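See below for the structure under consideration.
The values are calculated or read from the model by the stated rules, or taken from the named source; none is laboratory data. Keep in mind the model is a prediction, meaning the values are calculated, not measured. Here the Cβ positions follow ideal geometry from the backbone for every residue, glycine too, while neighbour counts run over all protein chains shown.
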């Protein structure tokens, strides 16, 4: 029978969820996540005060057991040796508790900043380069989808396995994650049907590639917004967050979940959708108005209500086939009462 500690290790959180006042908040959050017994802490990257390498080092320095992963960084914003050196430094700092998590990125942002859009072939090529570098290989004259370099080399004596993660959305990325990565993070506000389908896609791709499907850990990224959080913050974390997703890549999310595109069009046509970053700068009035434009069923794939209700929703993600659940959008302190309920109700 499972024990509480083992079951809690299947849960994770994001550090510095949303827009923290200070990057230094990660020090207290990482230590608390470690003390709470969570299995993994993820770090998202933003082009502001959330640069992943710096935050990873801070989290690694103040924790002892929790896994730390980037969820995610983009492989084409650093030279491969810079990324490999970052990953190796983190593995050394944490005693092997680091997962290098990659993602495709947001096309609108990439276009705006002149960063090339990322293809599936590029990510697969880059993952292979990281594997080879961590085996101590000197890569001479590489010409592949990820780029061309005369020499790539870390250390001839190096022979380590670098766990790789992938933040995955569409079927091509999910299949890539299954055949070449170790951890897969699904997107927030996936319906139950989409979540179950995504898990199957990953596991089947792993099996087709000759891998043990159980070796690829699929994480549900599950909005967790308990009633103990003040109402204005709950609205920001739910309506604000989903509204921001709809602004950035609403067509993809709606298509993936089989939602009504006409609803999305009405939302995007409304003046409130011109407020960029609703989950950061949206006022209470704007968020309340946005809530009238987003159907309740679109917000339903989340953990809300009392700690018991949140735990039931989290456990349902495991029933859908997920190996882990990232309780997204909440700080470790905000998750404490939910974790207390989770521990108290582990089947014996």
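Cβ-Cβ below 6 Å, separation at least six or inter-chain, first residue in region 272-291 and closer than 10 Å to residue 239 by Cα and outside the structural domain of residue 250 (by TED's automatic domain parsing), second surrounded by fewer than 13 Cβ atoms within 10 Å (Cβ to Cβ) and at pLDDT 90 or above: which pairs?
Once the first residue is closer than 10 Å to residue 239 by Cα and outside the structural domain of residue 250 (by TED's automatic domain parsing) and sits in region 272-291, no partner that is surrounded by fewer than 13 Cβ atoms within 10 Å (Cβ to Cβ) and at pLDDT 90 or above comes close enough.
What's the number of the condition residue 105 fails, among (1) modelled with pLDDT under 95; (2) surrounded by fewer than 17 Cβ atoms within 10 Å (Cβ to Cβ); (3) under 19 Å from the mean Cα position of the chain (by Cα)?
Of (1) modelled with pLDDT under 95; (2) surrounded by fewer than 17 Cβ atoms within 10 Å (Cβ to Cβ); (3) under 19 Å from the mean Cα position of the chain (by Cα), only one is false for residue 105: (2).
Given the conditions (1) part of a loop (DSSP other than H, G, I, E, B); (2) over 15 Å from residue 301 (Cβ atoms); (3) not assigned by TED's automatic domain parsing to the domain that holds residue 330, and given that residue 211 satisfies all but one, which numbered condition is not satisfied?
Every listed condition holds for residue 211 apart from (3).
Applying the selection to region 74-95, what residues are closer than 21 Å to residue 11 by Cα and in contact (Cβ under 8 Å) with a residue 24 or more places away in the chain? Reasoning before the result, please.
Step one: filter region 74-95 for residues closer than 21 Å to residue 11 by Cα, giving 94-95.
94 - this is the single residue of region 74-95 that is closer than 21 Å to residue 11 by Cα and in contact (Cβ under 8 Å) with a residue 24 or more places away in the chain.
If you scan region 1-22, which residues turn out to be without any contact (Cβ under 8 Å) to a residue 40 or more places away in the chain and under 14 Å from residue 331 (Cβ atoms)?
First, the residues of region 1-22 that are without any contact (Cβ under 8 Å) to a residue 40 or more places away in the chain: 5-6, 9, 16, 20-22.
Answer for region 1-22, where residues must be without any contact (Cβ under 8 Å) to a residue 40 or more places away in the chain and under 14 Å from residue 331 (Cβ atoms): 16, 20, 21, 22.
Sort out for me the helices (runs of 4 or more DSSP H) sitting completely within region 1-84 that have 3 or more residues that are in contact with a helix residue (DSSP H, G or I) (Cβ under 7 Å, 6 or more places away or on another chain) and buried (at least 16 other Cβ atoms within 10 Å of the Cβ). Working first, answer last.
On the way: elements: 4-8, 25-36, 52-61.
Hits in region 1-84: 25-36, 52-61.
Answer yes if at least one residue in region 308-316 is out of contact with any helix residue (DSSP H, G or I) (no Cβ under 9 Å at 6 or more places or on another chain) and within 23 Å of residue 240 (Cα to Cα), and no otherwise. Break it down into steps so the answer makes sense when it comes.
Quick first cut of region 308-316, residues out of contact with any helix residue (DSSP H, G or I) (no Cβ under 9 Å at 6 or more places or on another chain) only: 309, 312-313.
The next check asks that each one be within 23 Å of residue 240 (Cα to Cα); those that pass are 309, 313.
Yes, region 308-316 contains at least one residue that is out of contact with any helix residue (DSSP H, G or I) (no Cβ under 9 Å at 6 or more places or on another chain) and within 23 Å of residue 240 (Cα to Cα).
Can you give me the number of residues within region 108-145 that are closer than 22 Å to residue 163 by Cα, within 22 Å of the chain's Cα centre (by Cα) and not in a helix (DSSP H, G or I)?
2
Within region 206-235, how many residues are closer than 17 Å to residue 291 by Cβ and more than 19 Å from the chain's Cα centre (by Cα)? Full working, then the answer.
Step one: list which residues in region 206-235 are closer than 17 Å to residue 291 by Cβ, which gives 223, 225, 227, 229-235.
Of the ones still in play, those that are also more than 19 Å from the chain's Cα centre (by Cα) are 227, 229-235.
Looking only at that region, the number is 8.
Being over 18 Å from residue 187 (Cβ atoms) and surrounded by 15 or more Cβ atoms within 10 Å (Cβ to Cβ), is that true of even one residue in region 319-328? Give the derivation first.
Taking region 319-328 and keeping what is over 18 Å from residue 187 (Cβ atoms), we get 319.
Now narrow it down to the ones that are surrounded by 15 or more Cβ atoms within 10 Å (Cβ to Cβ): none.
Looking for residues that are over 18 Å from residue 187 (Cβ atoms) and surrounded by 15 or more Cβ atoms within 10 Å (Cβ to Cβ), one finds none in region 319-328, hence no.
Has region 251-259 got any residue that is out of contact with any strand residue (DSSP E or B) (no Cβ under 7 Å at 6 or more places or on another chain), outside the structural domain of residue 109 (by TED's automatic domain parsing), surrounded by fewer than 16 Cβ atoms within 10 Å (Cβ to Cβ) and without any contact (Cβ under 8 Å) to a residue 24 or more places away in the chain?
There is at least one residue in region 251-259 that is out of contact with any strand residue (DSSP E or B) (no Cβ under 7 Å at 6 or more places or on another chain), outside the structural domain of residue 109 (by TED's automatic domain parsing), surrounded by fewer than 16 Cβ atoms within 10 Å (Cβ to Cβ) and without any contact (Cβ under 8 Å) to a residue 24 or more places away in the chain.
In this structure, does residue 62 turn out to be without any contact (Cβ under 8 Å) to a residue 24 or more places away in the chain, more than 19 Å from residue 181 (Cα to Cα) and more than 19 Å from the chain's Cα centre (by Cα)? Talk me through it step by step, then tell me what you get.
Working: without any contact (Cβ under 8 Å) to a residue 24 or more places away in the chain: no; more than 19 Å from residue 181 (Cα to Cα): yes; more than 19 Å from the chain's Cα centre (by Cα): yes.
Judged against the criteria, residue 62 is not a match.
Of all residues in region 89-102, which are surrounded by fewer than 20 Cβ atoms within 10 Å (Cβ to Cβ) and either within 19 Å of the chain's Cα centre (by Cα) or part of a loop (DSSP other than H, G, I, E, B) (or both)?
Correct list: 95, 96.
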